[in-house]
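The values are calculated or read from the model by the stated rules, or taken from the named source; none is laboratory data. Note that this is a predicted model, so its numbers are computed, not measured. Remember, those area values only see protein heavy atoms, side chains included, never the ligands or the DNA or RNA. Shrake-Rupley method; radii C 1.70, N 1.55, O 1.52, S 1.80 Å.
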Amino acid sequence: SSTARFQDAMVGDPLGVWRLADALGNQTRGYDIVLLDCPPTLGRLNVAALLAADLVLIPTQCNYLGLESLGQYLAELRQAKARRGGPQARVMGILPTFYDRRTNASRGAHRVLCADFGDLVAKPIPKATAVERAAEDGLTLWEACQTSPATLRYGRLAEWLYTTGLGR
């Protein structure tokens, strides 16, 4: 994939993580929003995206491992901020995903997120097999399942991102 090739190219380059920020620097003028959707890892691509970002929306699964990963991601964000030297990326929100209100684990993780991050926690995206099927089929949610509660919630999230001032 192009993501894997980009990460491979950065490995041998000590300044590789800065290349994305440099490339985006002048190219983003004239756009309301530039959204970098990164894989759920702490690889070089995510570090590069953190260095290039002004705002960060962090999706996290509503389970114990999701909470642990969020802690690691926030530590990486702090390190990226220290390396950046200029304006620093700000966490604009935590997005709980794969939320299943029927399970204690999911409800408990959501409670922890709300207790720790308060107003930064967005309304959770419900767990839906339609989301998994869309990914398996290489389709967007809107192509695969327009009426799924998860798709509708992602649509509202996009509207929120635009109306919070990101689109102005």
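Computed values, structure above
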{"quantity": "Residue-normalised accessible area of the range 96-168, given per residue in Å² at a 1.4 Å probe", "calculated": "66"}
{"quantity": "By accessible area with a 1.4 Å probe, ligands and nucleic acids excluded, highest first: order of D37, D100, D137", "calculated": "D37, D137, D100"}
{"quantity": "Exposure ranking of L113, L42, L20 by accessible area [1.4 Å probe, largest first]", "calculated": "L42, L20, L113"}
{"quantity": "Where L141, L65 fall by accessible area, highest first, once all protein chains stay in place (1.4 Å)", "calculated": "L65, L141"}
{"quantity": "Carbon and sulfur %, accessible surface of the range 33-79 computed with the full protein complex present, 1.4 Å", "calculated": "56"}
